[in-house]
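A short worksheet on the structure shown next.
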Amino acid sequence: MPLRALVAGGAGFVGSHLSEELLERGYEVVALDNLITGFTDNVSHLVGNPNFSHVNGDAEDAMTLPGHFDLVMHFASPASPPRYLAHPIETLHAGSNATEALLNVAQRDGARFIMASTSEVYGDPSVHPQTEEYWGNVSSTGPRSVYDEAKRYAEALTFAYHRTFGVDTGIVRLFNTYGPRMDPDDGRAVPAFVKAALNNVPIPLHGDGSQTRSLCYIDDQVRGILALAAARGETGPINIGNPHEQSLLEIAEAVIRLTGSTSNIELHPRPVDDPERRQPDITKARAILSWSPEVEVEEGLARTIAWFREHGTFKGLLTETAATPA
Ligand code: NAD
């Protein structure tokens, strides 16, 4: 009998890649996703695999799923600022009610439980790069609090289940991850830049573009997450991200160069509480999981661009008039 994994958020960007890799590793995968920000297109290539099923439902109802699970992965939450600002209550529920339901499944089945936390628990950080020991600088009432505080609560709940009931939990703090299948319209920098560049329209950049991000390619991210899943007894939290820090302006310029686009850069006002700097300290991931990123940003961007070009009809990515850049 194959091991069974429940991937909540399995039709999302990260969840679909995780589901794919777990199938590759011999798991039976149940992707539980209510499609609030995900798409069946993300897993359509997995449908037909007898070891894969997508259940269209809320992670809050995870206890009603039939069967026993060996691994429970909580990757269900709106993740980009425009999406969680459009769904503030659902985002808080994803961190609270859904986390509790999935922890209950893990407790019932004696499963390993992995929760997707985020670099956003560090808020606008005063410690740089961010270590797991840093407690963060987060507003509990600002617009982004629906996401940041939901994740902080989810971390606290996960540790409470570990301490109170002995559930085998692990928390991974993801830093900006990018790659194929990102939603080009969900407001995250890489897909927004690539979409604009491929369509040769102005690239939207918030502020003056000097704020930094550290981009981790999805294959590296999945490898890190599954290393934590395999490290039974390791609670984390563990940062998984690429320490290569770049300004958003540099990233936009790289996308223009790699696509050969004629786009220029268009400056927009900076969103409230947008963090100034982001860079993971991955000392723990290196030491505990023997993990470090392998895909250079230029290479990852090139792979992402190639995929977006190839899937021009994906979520209306390319307009009919989009010229193929030289
Ligand atoms: P995404 O929006 O592509 O995927 C999230 C998925 O969860 C979607 O398919 C959505 O429909 C589903 N979902 C949301 N609420 C649900 C619920 N209550 N029940 C069932 N399904 C639900 O986002 P993503 O980038 O794939 O993010 C996945 C996880 O990783 C999230 O928890 C996010 O907070 C975390 N994360 C991602 C990043 C990143 O850079 N991508 C960074 C930090 C943390």
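Of note:
- Close Cβ contacts (under 6 Å, 6 or more residues apart or on different chains) running from residues in the range 118-143 that are at positive phi and among the small types (Gly, Ala, Ser) to residues that are within 16 Å of the ligand (Cβ to nearest atom) and open to solvent by 20 Å² or more (accessible area, probe 1.4 Å) comprise GLY123/GLY136; GLY123/VAL138.
- Failed item, numbered, when GLY142 is tested on (1) farther than 16 Å from PRO275 by Cα; (2) open to solvent by less than 20 Å² (accessible area, probe 1.4 Å); (3) out of contact with any Ser or Thr (no Cβ under 6 Å at 6 or more places or on another chain): (1)
- Selection from the range 1-38 of residues that are aromatic (Phe, Trp, Tyr) and either near the ligand (Cβ under 7 Å from one of its atoms) or part of a helix (DSSP H, G or I) (or both): PHE13
- Pairs where the first residue, in the range 209-221, is outside any loop (DSSP other than H, G, I, E, B) and hydrophobic (A, V, I, L, M, F, W, C) and the second is within 11 Å of the ligand (Cβ to nearest atom) and open to solvent by less than 10 Å² (accessible area, probe 1.4 Å), C-beta under 8 Å, 6+ apart: CYS216/PHE175; CYS216/TYR178; CYS216/ILE240; CYS216/GLY241; ILE218/TYR178; ILE218/GLY179
- Scan of the range 229-243 for residues that are surrounded by fewer than 24 Cβ atoms within 10 Å (Cβ to Cβ), farther than 16 Å from GLY300 by Cα and in contact (Cβ under 8 Å) with a residue 12 or more places away in the chain, ordered by number: ALA229, ALA231, ARG232, GLY233, GLU234, THR235, PRO237
For (1) over 25 Å from ASN176 (Cβ atoms); (2) among the aliphatic types (A, V, I, L, M), each residue gets a yes or a no:
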{"position": "MET1", "(1), (2)": "yes, yes"}
{"position": "GLY10", "(1), (2)": "no, no"}
{"position": "SER19", "(1), (2)": "no, no"}
{"position": "SER44", "(1), (2)": "yes, no"}
{"position": "HIS54", "(1), (2)": "yes, no"}
{"position": "ASP61", "(1), (2)": "yes, no"}
{"position": "MET73", "(1), (2)": "no, yes"}
{"position": "ARG83", "(1), (2)": "no, no"}
{"position": "ALA94", "(1), (2)": "no, yes"}
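- Among the candidates VAL47, VAL14, residue that is touching a Ser or Thr at 6+ places or on another chain (Cβ under 9 Å) and more than 19 Å from GLY224 (Cα to Cα): VAL47
- In the range 112-137, residue nearest to ASP273 (Cα to Cα) [restricted to those that are within 14 Å of the ligand (Cβ to nearest atom) and of a type in the set (Val, Ile, Thr)]: VAL121
- The one condition in (1) open to solvent by 10 Å² or more (accessible area, probe 1.4 Å); (2) touching a strand residue (DSSP E or B) at 6+ places or on another chain (Cβ under 7 Å); (3) among the aliphatic types (A, V, I, L, M) that ILE36 fails to fulfil: (2)
- The criterion of at least 2 residues that are β-branched (Val, Ile, Thr) is met by the following strands (runs of 3 or more DSSP E) wholly inside the range 236-306: 238-240.
- Considering residues of the range 56-71 that are of a type in the set (A, V, I, L, M, F, W, C) and more than 9 Å from the ligand (Cβ to nearest atom) only, the residue most open to solvent (accessible area, probe 1.4 Å): MET63
The values are calculated or read from the model by the stated rules, or taken from the named source; none is laboratory data. What you are looking at is a predicted structure, and each value in this text was computed from that prediction instead of being measured. Reconstructed Cβ throughout: ideal geometry from the backbone, glycine too, with neighbour counts over all protein chains shown. All accessible areas refer to the heavy atoms of the entire protein, side chains included, with ligands and DNA or RNA removed. Shrake-Rupley method; radii C 1.70, N 1.55, O 1.52, S 1.80 Å.
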